[in-house]
Amino acid sequence: MKYDTIITNGTIVNADRIRQADVAIRGEKIAAVGRDLAAKAAANGTRIINARGCYVIPGGVDVHVHLALPFCGTVSSDDYNTGTRAAARGGVTTLIDFAIPYGKETLQQAVDNWHAKSDGIACVDYSFHLCITKWAKQKKELPKMIDQGIPTFKQFMIYESQGWQSDDAAMYGALEALRDLGGMLMVHAESSRVLDELIARHHNPREMRKYGAYLHTITRPNFIEAEAIQRAVTWAKATRGKLYVVHMSTADGANIIEQAREHGYRNVFAETCAQYLVLDDSLFAGKDGHLYATCPQIKKPADQARLWRGLKNGTVCAVSTDTCTFTRKQKAMWKGDWTKIPMGMPGLETMLPVMYTHGVLQNRLSMKQFVDRCCRTPAKIMGLGHRKGAIQKGYDADIAVIHPTKKIKVDHRKMETNADWSPYQGWDLAGFARTTLSRGKVVVDNYKFCGKNGWGRFIPRRTPGRL
Ligand SMILES: [Zn+2]
């Protein structure tokens, strides 16, 4: 049997099984998984990748990413070039971005805009979710979007001033419509009216001088997220539509999701992001505190502990990054007013290392759970489970080879991201990809990016919301 590449001597980790085996690749697909494939293969022209002593895992699937996003008066600084290079170096081989219509744009125009940013540029595979910003106008476009391989739609419960906010009627209607169309609604769950009230109360020069970026925490107590999640879950229960809560950051949210699922509402899902598991809001009090502002913001150690527990028991089914990179110069736009901080941080390059080091090495997750929450479940729940997230015959040859213990000190100057800072600067992390393959092509070799622009393809998706 002639193969193009064989990964040999590694420990293959899938979400359901760990085994010693070789992986044989032909073209862009996994052609075989089994013992001694390298020994049997004709050596002529077959590239052998020796993974002795390493884990061989499916490439990470980061389902929550914003590349080159116009937001907060600027544009997020990792685009489809640097963002997908960062992904590859972090072992992430598929990402899903959010196409957002601006002003009077249709959903189709938003998708076209996002294709223009990505097609021919991306170095790893990608897909889009669509943001519904004007339900009454955009709802008629849902079937057409699903036909184009985009079955997941997000509504924002905040961001009224950006013109992005959805009200309860829009959420209820979208849940019903997507239930009938086989789609899934995603929500950014924060309670806008009380949030705006709290921001207004604290938005004065005296408090801004005194508390600085810490006002981000003061104005977003946990109930801001919890009330919104509770409300969205209520509409999901009533409609039986599929609901996926994005970037869940609180213990309270995890409790609500767990309770709903325990009561038989299996149509309710939630992800959290790596930063909510390892960073806490004491960082806002530091000199560079404003750099860490994201939306929602990082919370307390007790929230971290609860989210880890939810991740372990599967209540929190997936980990993403909400990558939305801003440089120091962009972050400096805040000038002491926390409401003007461009909100977001880089994450693609460090998702698997953070989750491996703080999850697996600290015994919070098993190796199989790590692969499940970062690769398999994200792929399945977003309708990519037929070709991504597993090392299995017939699947895309998206693979990361990681060393179990070798740690690399995070240094933004040596990274592919365009960020000139890192939330994890100086952290020693294991789990960076020694080798990454994207559809059979080596895009990271010996920890260095070696892929090329345009290799990544738009991947149409199937029915989401299935675990
Ligand atoms: Zn986001």
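Under 14 Å from the Cβ of T84, count the other residues' Cβ atoms, weight Lys and Arg +1, Asp and Glu -1, and hand me the total.
Net of charged neighbours comes to -2.
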*Taking the chain as the reference, fit the longest principal axis to its C-alpha atoms, fit the long axis of helix 168-181 to the helix C-alpha atoms, and give the angle between the two in degrees, 0 to 90, nearest 10.*
30
*Each label point is 7 Å from the Cα along the Cα-to-Cβ direction; what then is the distance between the points at A285 and I408, in nm?*
3.4
*Compactness ratio of the chain: Cα Rg over 2.2 N^0.38 Å, N = residue count?*
0.94
_Compute the helix-to-body angle for 192-202: its Cα long axis versus the longest principal axis of the chain, expressed 0 to 90° and rounded to tens._
70
*What trypsin sites (Lys or Arg not before Pro) does the range 316-368 have in DSSP loop regions with at most 13 other beta carbons within 10 Å?*
K335
*Roughly speaking, what is the stretch gain from D4 to R19, that is 0.36 nm per residue apart minus the C-alpha to C-alpha distance, in nm to one decimal?*
3.2 nm
*Using DSSP, restrict attention to beta bridges with both residues in the chain and report what percent are antiparallel, rounded to the nearest 5.*
45
*Heavy-atom accessible area per residue, the range 206-306, 1.4 Å probe: how many Å²?*
35
_Please list, by residue number, every one of the trypsin sites (Lys or Arg not before Pro) in the range 109-154 that is coil in DSSP and has at most 16 other beta-carbon atoms within 10 Å._
none
*Could you provide, to the nearest whole Å², the per residue accessible area of the range 362-439 with probe 1.4 Å?*
35
*Carbon-plus-sulfur fraction of the accessible area of the chain, 1.4 Å probe, in percent?*
50
_Can I get the semi-axes of the range 289-393's equivalent ellipsoid? Compute them from the C-alpha gyration tensor as square roots of 5 times the eigenvalues, in angstrom, largest first._
30, 17, 12
*Mean projection area, nm², convex hull over Cα of the range 231-337*: 7.4
*asked:* What is the sum of charges, Lys and Arg at +1 and Asp and Glu at -1, for the other residues whose Cβ falls under 11 Å from the Cβ of R26?
replied: +1
*asked:* 7 Å from Cα along Cα→Cβ at both A169 and D36: what's the point-to-point distance in nm?
replied: 7.0
*Please name whichever of H115, H247, L361 sits farthest to the positive end of the charge dipole of the chain, dipole taken about the Cα centre and charges placed at Cβ: Lys and Arg +1, Asp and Glu -1.*
L361
*Distance between Cα centroids, the range 114-150 to the range 443-467: provide it in whole Å.*
17
*Rounded to whole Hz and in sequence order, give me ³J(HN,Hα) for the range 142-154 from the Karplus expression 6.51 cos²θ - 1.76 cosθ + 1.60, θ = phi - 60°, writing x for Gly and Pro.*
4, x, 5, 5, 5, 4, 8, x, 10, x, 10, 10, 10
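In the range 257-319, which GluC sites (Glu not before Pro) are in a loop and have at most 11 other Cβ atoms within 10 Å, using DSSP for the loop call?
Numbers: sites: E258, E262, E271; in loops: none.
Loop-located and lightly packed - none at all.
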_Can you give the local net charge around D281? Use residues other than it whose beta-carbon is closer than 12 angstrom to its beta-carbon, Lys and Arg +1, Asp and Glu -1._
+1
*Roughly what would the spin-label model give for N363 and R206, points 7 Å off Cα along C-beta, in nm?*
5.1
_Give me a comma-separated list of calculated 3J(HN,Hα) values for the range 13-25, in order, Karplus coefficients 6.51, -1.76, 1.60 applied at θ = phi - 60°, integers in Hz, x for any Gly or Pro._
10, 9, 4, 10, 6, 10, 8, 7, 6, 9, 10, 10, 10
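The values are calculated or read from the model by the stated rules, or taken from the named source; none is laboratory data. Quick caveat, the model's predicted, so the values are computed rather than measured. Every residue, glycine as well, gets a Cβ built from its backbone with ideal geometry; the counts of neighbours run over all protein chains shown. Heavy atoms of the whole protein, side chains included, go into the accessibility calculation; ligands, DNA and RNA do not. Shrake-Rupley method; radii C 1.70, N 1.55, O 1.52, S 1.80 Å.
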